[in-house]
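Student: For reference, the structure I am asking about is given below.
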Amino acid sequence: MAAEQQWKSIVSVFPHSDELIWIGQKMESGSAVHADKFKSRGDWLSRSGQAPANFILPAMLCPGSVSRKKEDITRKPICVVESDDLKHDEIGAVFKWLTGEIGWKLLAVVDTAGKSLHGWFEPPDLPAKELCALIKGLKCDERVLRDTQPVRLPGAMRDGRMQQLIYLRRI
């Protein structure tokens, strides 16, 4: 899949709404100078070309936002699971267990062009404390569950390698 199709496919996972999606570099938030990093799903999808940046926030922001602050987040339609400690086959087994045994819905898997894979899931119906305990118990990074934590955007380049969408659930 071409790089443009990859980042647009992951944007398509978000609900269609007037809420904003942030795509940028880690420090591109918090001031009006970064307003172009906050766009609706439709605005992002109408853009052509390469991935606009390396990161995306798996949360929706209120119209007019120029910050990824918790108070600007309207909802989080995606729960990302990742681990820097597990090998690809091990985190793949975690994704399989979460979908097969627990019933989570896997939306996408992103190869970060580093050492980890990111599993994008529909958010489970679990209290935050229980979710963090489960993720930590699976040797995954509970910090990525924070509402304001950006994750890798497929189709973008990282150290000469492309961050890749390796699975996308077709509806």
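Student: Hey, what number do you get for the chain at 222 nm if only DSSP H runs of n ≥ 4 count, each worth -39500 (n - 2.57), divided across all residues, to the nearest 500?
Tutor: Result for the chain: -6500 deg cm²/dmol, rounded to the nearest 500.
Student: Could you work out the equivalent-ellipsoid semi-axes for region 9-53, taking the square root of 5 times each eigenvalue of the Cα gyration tensor, largest first, in whole Å?
Tutor: 18, 13, 9
Student: Another one. At R0 = 35 Å, how high is the FRET efficiency between Glu130 and Ile166 if r is their beta carbon distance? Nearest 0.05 is fine.
Tutor: Efficiency, rounded to the nearest 0.05: 0.75.
Student: Another question about this same structure. For region 44-171, give the percent of accessible area contributed by carbon and sulfur heavy atoms, probe 1.4 Å, rounded to a whole number.
Tutor: Carbon with sulfur: 49 percent of the solvent-accessible area.
Student: Any idea what the relative contact order of the chain is, in percent, if you count C-alpha pairs under 8 Å spaced at least 6 apart?
Tutor: 27 percent
Student: Taking only protein heavy atoms and a 1.4 Å probe, what accessible area per residue, in Å², does the chain have with all protein chains in place?
Tutor: Dividing the accessible area of the chain by its residue count gives 51 Å².
Student: Would you please state the base-10 log of I(q)/I(0) at q = 0.12, 0.13 1/Å for region 1-94, with intensities from the Debye formula using one equal scatterer on every alpha carbon?
Tutor: Ignoring solvent entirely, the Cα scatterers give -0.41, -0.48.
Student: From the C-alpha coordinates alone, can you work out the Kirkwood hydrodynamic radius of region 43-116, in Å?
Tutor: Evaluated on region 43-116, it is 15.0 Å.
Student: Let me ask something additional. Among Gln5, Leu117, Leu153, flag the residue with its Cα farthest along the positive direction of the charge dipole of the chain, charges on Cβ as +1 for Lys/Arg and -1 for Asp/Glu.
Tutor: The listed residue farthest towards the positive side: Gln5.
Student: Which log10 I(q)/I(0) values does region 1-160 give at q = 0.16, 0.19, 0.21 Å⁻¹ under the Debye formula, counting every alpha carbon as one identical point scatterer?
Tutor: For region 1-160, the Cα-only Debye profile gives -0.91, -1.26, -1.47.
Student: What do you get for GluC sites (Glu not before Pro) in region 20-115 restricted to DSSP loop and a cutoff of at most 11 other Cβ within 10 Å of the site's Cβ?
Tutor: Passing both the DSSP loop test and the Cβ count: Glu101.
The values are calculated or read from the model by the stated rules, or taken from the named source; none is laboratory data. If you're wondering where the values come from, they're calculated on a predicted model, not measured in any experiment. We place every Cβ from the backbone using ideal geometry, glycine too, and count neighbours over all the protein chains shown. Surface areas here come from the heavy atoms of the whole protein model, side chains and all, with no ligands, DNA or RNA. Shrake-Rupley method; radii C 1.70, N 1.55, O 1.52, S 1.80 Å.
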